[in-house]
Amino acid sequence: MFRFIIKRIPLIFVYLLILSTLGYPTEELESAKKKKYKVGIVYMGGKSFSQTVEGFKAGMRNLGYKDGKNVVYEVVNTSGSKEKIANAVKEVMEKKVNVIYAVTTPVTKEVQRYTDDKPIPVVFSVVADPVGSKFVKSIKEPGGNMTGISNLAIELTEKRLEMFKRIVPNLKKVMWIYDPNIDVSVKAAEHARNVCKKMGISYVEKRAGNQDELAKVISNIKNGEADGILHVVNALLVANNKLLIDKAKKEKVPYFTTDSEIVEEGALANYLTGVKPGTIPVEAPDKYDFIINLKTANAIDIKIPENVLSMATRVIK
């Protein structure tokens, strides 16, 4: 679902990938493809982030970089734990990688800490606010050693709530879980509050800063607390989303999320971003998908209006 965009850094691996992406056949590029490069990948686990990693590798194959031939991947999965990110980044750094692919804001922040004084290019993905998180100076001119994909997760909150209300017309109170230790998650929760006030929807929010806290918060969710659960920016939750999916089904609470993979696992619906291939700047979405899981709707006794079904770009039956 997510693709990667990379930044011009002369005479190194990432620059050569840009040349290939733009279709510039050069002797330098062809020579580089005969060498073997190491790419460090750090992500937090979960189906959605795993698919992001596979998408990155597919993009690399399209550029002519084949695993084991001219590229070697040093992949570390923290299995949903933020506490393991620092060691994961340290591990790939010790492998002397040529470039690092960082998935999510918490991972990118740790990668930034380790590479701030080192000339290692970093490509990030699933980052909601790269400028606000101080990964780049601006979208058009990132500066430094980082660039990647921004998924506009915060900006789409109002649209997601609007679509959620179309699916659940009696949506008067929503619930979300945010990570109080991650600035962008706190910012997303604040934005969600403002959107709810604007739309006349009340809300209940829950905080969880690690896996144990998240498991406890989810286990305590009860039917009747809210009319629906809305996903706000929270990498910890995405990496452990199966817990919330199962609980939401058990309590028959509709869960509106951000990723198609999470809907495939059993969330009710999403409104998400798709991305286009780009050149140098950080890229943002240029199209949007609205995906509904009818199996989940039936399981939690939600009747999706026909006019809403007709708007879906994909229906899982």
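The values are calculated or read from the model by the stated rules, or taken from the named source; none is laboratory data. None of the values given here were measured: they were computed from a predicted structure. Here Cβ is always computed from backbone atoms with ideal geometry, including for glycine, and neighbour counts include all displayed protein chains.
Here are the numbers:
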item: Helices (runs of 4 or more DSSP H) (entirely within the range 223-317) containing at least 3 residues that are under 22 Å from the mean Cα position of the chain (by Cα) and at pLDDT 90 or above; result: 235-239, 241-250
item: Test: residue in the range 74-90 that is over 30 Å from Phe290 (Cβ atoms), of a type in the set (Ser, Thr, Tyr), modelled with pLDDT of 85 or more and surrounded by 21 or more Cβ atoms within 10 Å (Cβ to Cβ); result: yes
item: Looking only at the range 169-213, and only at residues there that are among the β-branched types (Val, Ile, Thr) and surrounded by fewer than 23 Cβ atoms within 10 Å (Cβ to Cβ), the one that is farthest from the chain's Cα centre (by Cα); result: Ile201
item: Checklist (1) touching a helix residue (DSSP H, G or I) at 6+ places or on another chain (Cβ under 7 Å); (2) in contact (Cβ under 8 Å) with a residue 24 or more places away in the chain; (3) not hydroxyl-bearing (Ser, Thr, Tyr) applied to Ile245, failing item; result: (2)
item: Count - residues of the range 73-88 that are in contact (Cβ under 8 Å) with a residue 12 or more places away in the chain and either closer than 17 Å to Val127 by Cα or not hydrophobic (A, V, I, L, M, F, W, C) (or both); result: 10
item: Selection from the range 147-173 of residues that are outside any loop (DSSP other than H, G, I, E, B) and touching a helix residue (DSSP H, G or I) at 6+ places or on another chain (Cβ under 7 Å); result: Thr157, Glu158, Leu161, Arg166, Ile167
item: Subset of the range 91-105 [surrounded by fewer than 24 Cβ atoms within 10 Å (Cβ to Cβ) and in contact (Cβ under 8 Å) with a residue 24 or more places away in the chain]; result: Met93, Lys95, Lys96, Val97, Asn98, Val99
item: Any pair with Cβ under 9 angstrom, 6 or more apart, that starts in the range 140-168 at a residue that is within 30 Å of Lys118 (Cα to Cα) and in contact (Cβ under 8 Å) with a residue 24 or more places away in the chain and ends at one that is among the aromatic types (Phe, Trp, Tyr) and not in a loop (DSSP other than H, G, I, E, B); result: Met146/Phe124; Thr147/Phe124; Gly148/Tyr101; Gly148/Phe124; Ile149/Phe124; Ser150/Phe124
item: Subset of the range 214-242 (residues that are crowded, with 17+ Cβ neighbours inside 10 Å, without any contact (Cβ under 8 Å) to a residue 60 or more places away in the chain and farther than 28 Å from Pro169 by Cβ); result: Leu214
